[in-house]
Structure formats: structure tokens, C-alpha cells
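Engineer: This is the structure, below, for whatever I ask next.
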Amino acid sequence: MSVQTGPQANVYDAVVIGSGVGGLTAAAMLARHGLAVLVAERQPEAGGYAHSFQRGPYTFAPAVHWTPQGGPGQLFDTVARHLGIRDRFDLLPIPEAYDVSLPGFALTAPLGVEPFIEAHARRFPHEAAGIARFVRTCDQVQREIHSIAMALSLKTLDEAAASHPTLFRCLRATVGEILAECVADPGVRTVLLAGWPYIGGPPERLAFLPFAQMLINQLEGSWHYQGTAQRLVDALAAGVALHGGELVLGDGVRRILVEAGRATGVELDSGAVVRAPVVVSNADARQTCERLVGAEHLPAPYLRRLRRMTPACSAFVVMAATRLDVRRHTAAHETLLYQRWDEHLGVARDLAEGRPTGVWLCLPTLLDPTLAPPGEHLAIVVSHAAYDLGRPWEEEKERFTEALLQLVEDHLPGFRAGLTHLESATPLTLAHHTGNSGGAMYGWENVPLQTGTKRLAHQTPLPGLYLAGHWSLPGGSTVRVFASGVHAAQLILRERGVETPTFAEANLPAVTG
């Protein structure tokens, strides 16, 4: 990956703030279609949450472990071919969706909608019909989302509602509400809700639409980034350079320049002033608007909306290596570990109070042994966590680490005895490396009033300023922020009269909601 310590010019067609996946994708698309693009990143490394790092012989990916849409002809493949970077990263198929482990219970969730239904119905035959109804509702919503027009007028709204009844019925529902309509047994609901940490939570707040999309995407096929998601980041950065764009590391944006009521460029931390008629922010939306732009340049209704929105929770991450042969325990690439059977209500309360009783465990070396020395396995253990526990994180870090390690030890006996490397990251670490308010994991919290078109649009009220990434449409997760970068770039290019592919064959995640 070729990077620079400063911009090579003082005028560009577009400046992108931040080098997360959404920002780099937007930059690569804009450069691919002829725009002179500069990406400015405050950190010394590119990637945001997709950044990976080395610790001696180990390669750790703290945040991004898998993605849907990784197969031939799907989103990553199709867009990467358009950008000319497909040969720079590989995605490995994961053989199952995930494992779920609860006290006295374990289940492997297979790929495929019908196999997933059958696996759960075998364990809970008394709720077989409700399980099928819930999963097929998720599947139907996913289908309707991808068949609806991305922009609806008042004139076409009634027609769209009539032709997409499941989607419109579920638009403002939580996943807990839809599941309760289908399944009466709280224990069965606990198992079916197992994947909630991947997209946010807790289930009584989590919007149904992103949960349904995540589940069906996962069942259609999950993929592991060979060599970690840093390979995707490096490929996108190479795509920017391939088409004449520039990436500057270690020099972020201090402010967005506003003249005559529109964005006209940026001032970097180094003091350099760069002019551009287009500025795309991949950074925290509130900080973009209130700190980089300034509230005086934005309409009051937009600012009120921005201040009402709630960021997602943060996370605590343990990164470990062990000599334990985890294959002997028939471990999966992804395992959701819980200590309570209560539809995750207690787990969510425990997490809010600083007691991690539910985590997800990724064992990437099951598929990619190059990440650790022979005979060793990596384990990434993630728990939702509050940014502010009311106690200093430096005092809580060891306790959290021990709690997460014990959950893994209960699942994989001998894990702790075989440890060869151990380190942890708190929500403060996440905030430091990404600049996200409160170390938010998914941008805005995925509640019904902040998903779909209730999320911030790519185009802001300030002419020339656009948003990309998990603070804007279509939402959080790697596949969505990748799609967000594509959508934002297409919008900018259309406004310049430049035609771009629709990527319809790749099932580009829609922004409708």
C-alpha cells in the first residue's frame, strides 16, 4: 500500500475524511471515474475498525472477522473487479453460520434458510411452526428490501406498501416484537436471538430490519478475510492509488472549510489547506457537523435531529493466542457464548452494569492458520461494553479480561493453560483509534428510528458535504459500510453527470427502510 505524509497538491475534486472501509470505497470509486481524490487519515494506519496489527508472530483483527456477500459475483467481488483490485484480497467460505452455547445447550447453526429452520425445529419441535414463520419473515423482508425502489415519492409510497407488505409491516418493529409474534417459548427466543451482538442490541431495542438482513446474509454464506480484513483495506487503498488518488496518513482534518454556504475544502492538522468542491466524511457524524463544520453552518432542524440520535454501544476486546488444539472441541469460526436463558435481557443489563455474561468468540486460525505459528490458535473475544462505567477503565480492564477468559475456558477447557499471548482493548481504545463518540461500534444504535432511511442520508444540508460509513445509510457492518461508500460515490458522480454501474447483479445493499 503506497501512502504519503502530505498532499501533493492544494486543489482536488474531492477530499475524503477518514480511511475506514466506507471512506476508502468512496474514494476508490470516485478516483476510478476520473476525480482527483485525496484521503486524509489522522491515524498512522488506514482501516478504522478493519485495521489489523502484528504482535510478533501473531496477526490480530480486533473488530472485523467475517462478512456476507463474499462469493463470486457478489458485492465485494463485483465492485472490486470494477475497481481493478480483485486480485489483492481473498475471502474464504465459513462452513457454518455460527455456534451458540448456553447453559446445558449447544447448537451449530447451519448455512441455508431451510437447514437453519430444520436444525432449530429438531431441538424445539413444539415451536417448529413459529421458528419457520420467524426465519421466513426475515427472508421475505430481505427479498423485499432488495426489490423496492431506492427512492420513494409520496405518489409511489402506497403502491410500494401494497407490493411489499412484510417490509412495511416490520419497518418500525424491534426484533423482539416480531419474534414474540411467532414464538411463545422464551428459551427458543433466546436461541433464535443469539446473533444480536453482531448488529447491536439488546433485542427489545434492536430494530428488526437490520437483524433480519444480517441473519439472512449470514445464512446465504459467511466469508473470512484471508490474512484479516486489513487485506481489503490495503486493496481499497491500492485502488485509490491505481486511479490517481492519494492517501495521507498521520494528518487528519482539523476543520471543513465553508464559504458562501457550501463546503469548499479542508484544513489538515498539519495546517495545510486543501480546496475541493466535494468533501466526504467517513468520520463520526456529530463531530463532522459540530466540530469540523460548525453548528453555525447547518440548519437547526438537522442539528436537533443529530443531537437526538443515540450512538451504538462500544466493546471490550480480548486478543489471545493459545496452544490448545481447539479443533478437538469441534469449535466453530464464530461462537456466541451466554450464561443466561432470558432472551438476553439479563445479559444486556449485566453489560450495562459492567458484568460481561455474554460474548462472541472468533477463532480465525481454524480457517487461516497463517495468522499464528504452527500449533497455535488465535482467539478474539468480544463483549459489548459501556464507554462510561462510572469507574475508570484502567481499574476495570483486568476484571473484564478475566471474565471474558473464563467464559472461553468454560467453553474450551484448557484454553487458559495454553495461553501464549494476551492483550485487551477497552472502549477508550476503540474511541482513540476511530474517533467515534463513545467508541461506538456501529455508528448509530440500530433502533427502529435510526435504521433504513431514518439514518442520516449521504447528502447533508451543507452543499458539497457528504457522509459515508456506518453513521449514514445503509448502516453498520462491513458489508453495509462498503455499500455506503459505493452509494455515496454514485450520488456524487451522478450529480456531475457521470454514469456508473448499478451493481444490481451483486445485490448491493439498499438504503430503503
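The values are calculated or read from the model by the stated rules, or taken from the named source; none is laboratory data. Just so it is clear, the model here is predicted, and its values are computed rather than measured. Methodologically, a virtual Cβ is constructed for each residue, glycine included, from the backbone with ideal geometry; neighbour enumeration extends over all protein chains shown. These area figures cover heavy atoms from the full protein model, side chains too; ligands, DNA and RNA do not enter into them. Shrake-Rupley method; radii C 1.70, N 1.55, O 1.52, S 1.80 Å.
Engineer: When the residues of segment 412-430 are filtered to those that are of a type in the set (A, V, I, L, M) and open to solvent by 20 Å² or more (accessible area, probe 1.4 Å), which remaining residue is farthest from VAL317 (Cα to Cα)?
Structural biologist: Checking each candidate, the answer is ALA417.
Engineer: Restricting attention to segment 103-128, which residues are assigned to a helix (DSSP H, G or I) and open to solvent by 40 Å² or more (accessible area, probe 1.4 Å)? I'd like the intermediate steps shown before the answer.
Structural biologist: Let us first name the residues in segment 103-128 that are assigned to a helix (DSSP H, G or I), namely 113-123, 125-128.
Once the filter is applied, which keeps residues that are assigned to a helix (DSSP H, G or I) and open to solvent by 40 Å² or more (accessible area, probe 1.4 Å), segment 103-128 yields GLU114, PRO115, GLU118, ARG122, ARG123, PRO125, HIS126.
Engineer: Taking the condition surrounded by fewer than 23 Cβ atoms within 10 Å (Cβ to Cβ), over 26 Å from THR420 (Cβ atoms) and touching a helix residue (DSSP H, G or I) at 6+ places or on another chain (Cβ under 8 Å), does THR78 pass?
Structural biologist: It is true that THR78 is surrounded by fewer than 23 Cβ atoms within 10 Å (Cβ to Cβ), over 26 Å from THR420 (Cβ atoms) and touching a helix residue (DSSP H, G or I) at 6+ places or on another chain (Cβ under 8 Å).
Engineer: Mind counting the residues in segment 414-464 that are among the β-branched types (Val, Ile, Thr) and part of a helix (DSSP H, G or I)?
Structural biologist: Summing the residues that are among the β-branched types (Val, Ile, Thr) and part of a helix (DSSP H, G or I) in segment 414-464 gives 3.
Engineer: Please enumerate the residues belonging to segment 218-238 that are part of a helix (DSSP H, G or I) and either of a type outside the set (Asp, Glu) or surrounded by 24 or more Cβ atoms within 10 Å (Cβ to Cβ) (or both).
Structural biologist: Result: GLN218, LEU219, GLN230, ARG231, LEU232, VAL233, ALA235, LEU236, ALA237, ALA238.
Engineer: Of everything in segment 416-447, what is under 20 Å from the mean Cα position of the chain (by Cα) and of a type in the set (A, V, I, L, M, F, W, C)? Give them in sequence order.
Structural biologist: Across segment 416-447, the qualifying residues are ALA425, LEU428, LEU430, ALA431, ALA440, MET441, TRP444, VAL447.
Engineer: Do you know which residues across segment 457-472 are among the hydrophobic types (A, V, I, L, M, F, W, C) and under 18 Å from ILE145 (Cα atoms)?
Structural biologist: ALA457
Engineer: Let me ask something else. Within segment 99-132, count every residue that is in contact with an Asp or Glu (Cβ under 9 Å, 6 or more places away or on another chain) and under 17 Å from SER222 (Cβ atoms).
Structural biologist: Total satisfying the criteria: 8.
Engineer: Could you check segment 10-77 for strands (runs of 3 or more DSSP E) lying wholly inside it with 3 or more residues that are closer than 25 Å to VAL382 by Cβ?
Structural biologist: 53-55, 58-60
Engineer: Looking only at segment 236-252, count how many residues are more than 18 Å from the chain's Cα centre (by Cα) and closer than 20 Å to LEU75 by Cβ.
Structural biologist: Of the residues in segment 236-252, 6 are more than 18 Å from the chain's Cα centre (by Cα) and closer than 20 Å to LEU75 by Cβ.
Engineer: Any residue that is open to solvent by 30 Å² or more (accessible area, probe 1.4 Å), closer than 30 Å to GLU296 by Cβ and touching a Leu at 6+ places or on another chain (Cβ under 8 Å) - is there at least one of those in segment 381-393?
Structural biologist: Yes, that holds for at least one residue.
Engineer: Select, from GLY271, GLY252, the only residue that is in contact (Cβ under 8 Å) with a residue 40 or more places away in the chain, of a type outside the set (A, V, I, L, M) and either closer than 16 Å to PRO7 by Cα or out of contact with any helix residue (DSSP H, G or I) (no Cβ under 7 Å at 6 or more places or on another chain) (or both). Show your work before the answer.
Structural biologist: Values: GLY271 fails: in contact (Cβ under 8 Å) with a residue 40 or more places away in the chain.
Answer to the check: GLY252.
Engineer: So which of LEU389, LEU367 ends up being farther than 30 Å from ALA207 by Cβ and aliphatic (A, V, I, L, M)?
Structural biologist: After ruling out the rest, the residue left standing is LEU367.
Engineer: To continue, here is another question. Would a scan of segment 129-136 turn up a residue that is within 20 Å of CYS170 (Cβ to Cβ), crowded, with 21+ Cβ neighbours inside 10 Å and at pLDDT below 95?
Structural biologist: Pass one, segment 129-136, residues within 20 Å of CYS170 (Cβ to Cβ): 129-136.
Next cut, crowded, with 21+ Cβ neighbours inside 10 Å only: 130-131, 134-135.
Then keep just the ones that are at pLDDT below 95; that gives none.
No, every residue in segment 129-136 fails to be within 20 Å of CYS170 (Cβ to Cβ), crowded, with 21+ Cβ neighbours inside 10 Å and at pLDDT below 95.
Engineer: For segment 286-325, what are the residues that are among the hydrophobic types (A, V, I, L, M, F, W, C) and over 28 Å from HIS433 (Cβ atoms)?
Structural biologist: Hits for segment 286-325 are ALA300, LEU324.
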